[in-house]
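The values are calculated or read from the model by the stated rules, or taken from the named source; none is laboratory data. Because the structure is predicted, anything quoted here is derived from the model rather than measured. Here the Cβ is made from the backbone with ideal geometry for all residues, glycine too, and neighbour counts use every protein chain on show.
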Amino acid sequence: MSSVVVLGAQWGDEGKGKIVDYLAQKADAVVRYSGGSNAGHTVVANDVSYKLRLLPSGVLFEDKINVLGNGVVINPGVVLDEIEGMKAKGIPCKNLVISDRAHVVLPYHQRLDELQEAALGAKKIGTTKGGIGPCYMDKVARVGIRMCDLMELDTFAAKLEANLRAKNEIITKIYGGEPFEYIKILKEYLNYSERLRPYVEDTFVVMDELFRAKKKVLFEGAQATFLDIDHGTYPYVTSSNPTAGNAATGSGAGPRNIGHVIGVVKAYTTRVGEGPFVTELFDTDGLGMKIRERGHEYGTVTGRPRRCGWLDALMVHYSARLNSLSSLAITRLDILDKMPYLKMCVGYKLDGKLLKRIPASLKTLARVEPIYEEFDGWMEDTSGIRKYKDLPLAARRYLDRISQVAGVEIGIVSVGPNREQTIVLKDPF
Ligand code: GDP
Ligand code: IMO
Ligand code: MG
């Protein structure tokens, strides 16, 4: 199979970066197709931890082509800092290409993100405040500034001037905030423009050449299925489509180029930010807390504590169909090593009846009851295991049940953050 999509099957932070880094060893290119600096992907290689926000997780390999596709929103300051940070660690980021059609995040997007969240009060989304939503709003409203515009001084200056006039009206008159100074942003972004110029290209051409040459392309999803603007727990979602279909639209690859789709599933469930969470554990000193502390479940980008709960296998089942998953990569199994018992949600009940789908209405979703199955814990260290058959029986029973409910086979089990802490049952390449 020549191309593989790796995406989150839950609410993000499933360990996509780790899985992409592992698979990147055999790939020729790694492509981001959605989201922006709201993503935080941690890759641990040779005991060094790398925190990536915009850069694809393939940058650790010098010979791979790394693409930021048209579907990504680029905060120039963030990506340049990341490139500098990588260079300081001896990673040159030579083969990075950024789509000339990708939209640019500007300071007013970030400010509007903060102001909109503050105005929502208790109803806030809990965004990463990176300006992601407001940047996609401009894209859809057809007033956005693209990388190709940033590369042309006159186009950028004119678009910035028009946009800033409108945004300053909103910032000052609706939110009572401070206006931005045109010249300050212009100067800052012209500097970014020059520094980013070597990376900006028509990435459709890059993708097309990769596919024609039958190269192995790895698509790196950001965010996750239930944060998808169309299919997630709206409005508690991000503003783009992390689901598999957008791997094509967000990169310019034709859909028939996609051969295999991997859904990354954390062995339990977490969510950062607000919104529904059927299997959430609310205890402050019990098992939910145990998972958070043992798993260091704190956001990579914002440092916020992640909400923790039992695995919701109905979500994985839904994700499997929506993304036409070929296989699952189950991560962080080792975090459950010290759990005396586990629960897994295998379906929802509504008004005493079995519900075979996930309701769109948040009011209805708030009323569903999880149907749990209980599992024995394995109380054994799995972090050194490299073969599926060597996993404790109780762990295999738990994993097999996830696969059964999802209706998808398991391709990878991850038992630690390091590259080698990976059990491969089916190699997608
Ligand atoms: P992503 O956003 O989906 O890439 O996930 P994050 O990087 O935000 O969060 C996953 C965290 O789990 C990172 O710190 C990874 O290094 C780590 N990780 C990934 N797989 C495993 C695993 O199997 N076991 C453990 N203990 N940590 C893992
Ligand atoms: P990775 O790629 C987890 C969440 C935010 C918030 C909602 C909207 O690391 O899995 P946004 O800033 O996108 O407008 O915030 O989405 N969110 C994530 N949660 N992992 C992520 O990315 C996320 N990116 C956004 O917490 O609830
Ligand atoms: Mg993350």
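Descriptive notes on the structure:
- Test: residue in the stretch 331-354 that is in a loop (DSSP other than H, G, I, E, B), within 22 Å of Thr243 (Cβ to Cβ) and away from ligand 3 (no atom under 16 Å from the Cβ): no
- Matching residues, the stretch 206-240, being touching a Pro at 6+ places or on another chain (Cβ under 6 Å) and either in a strand (DSSP E or B) or surrounded by fewer than 24 Cβ atoms within 10 Å (Cβ to Cβ) (or both): Glu220, Thr233
- Residue within the stretch 147-157 that is on the phi > 0 side of the Ramachandran plot and part of a loop (DSSP other than H, G, I, E, B) present: no
- In the stretch 339-351, the residues that are on the phi < 0 side of the Ramachandran plot reach residues that are of a type in the set (Lys, Arg) and modelled with pLDDT of 95 or more with C-beta atoms within less than 8 angstrom, at least six apart or across chains, in these pairs: Met344/Arg401; Val346/Arg401; Leu350/Arg367.
- Residues that are out of contact with any helix residue (DSSP H, G or I) (no Cβ under 7 Å at 6 or more places or on another chain), in a loop (DSSP other than H, G, I, E, B) and within 14 Å of ligand 2 (Cβ to nearest atom) within the stretch 241-272 comprise Asn241, Gly250, Val272, listed in sequence order.
- The residues in the stretch 260-284 that are without any contact (Cβ under 8 Å) to a residue 40 or more places away in the chain and of a type in the set (D, E, K, R) can be counted, and the count is 2.
- Contact map, the stretch 124-150: first residue buried (at least 18 other Cβ atoms within 10 Å of the Cβ), second residue assigned to a helix (DSSP H, G or I) and basic (Lys, Arg), Cβ cut-off under 7 Å, separation 6 or more or different chains; pairs are Ile145/Lys159; Asp149/Lys159.
- Yes/no for Gly232 being at pLDDT below 95, within 16 Å of ligand 3 (Cβ to nearest atom) and either within 12 Å of Ser3 (Cβ to Cβ) or over 12 Å from the mean Cα position of the chain (by Cα) (or both): no
- The stretch 354-383, residues that are surrounded by 12 or more Cβ atoms within 10 Å (Cβ to Cβ), more than 20 Å from Ile335 (Cα to Cα) and among the hydrophobic types (A, V, I, L, M, F, W, C): Leu355, Ile358, Leu362, Leu365, Val368, Ile371
- Of all residues in the stretch 243-259, those that are within 18 Å of Trp11 (Cα to Cα) have Cβ atoms under 8 Å from Cβ atoms of residues that are assigned to a helix (DSSP H, G or I), 6 or more apart or on another chain, in Thr243/Thr225; Thr243/Leu322; Ala244/Leu322; Gly245/Pro255.
- Note on the stretch 16-36: residues that are within 14 Å of ligand 3 (Cβ to nearest atom) and surrounded by fewer than 24 Cβ atoms within 10 Å (Cβ to Cβ) total 0.
- Candidate set from the stretch 355-372 (those that are of a type in the set (Val, Ile, Thr) and not in a helix (DSSP H, G or I)); member that is farthest from ligand 2 (Cβ to nearest atom): Ile371
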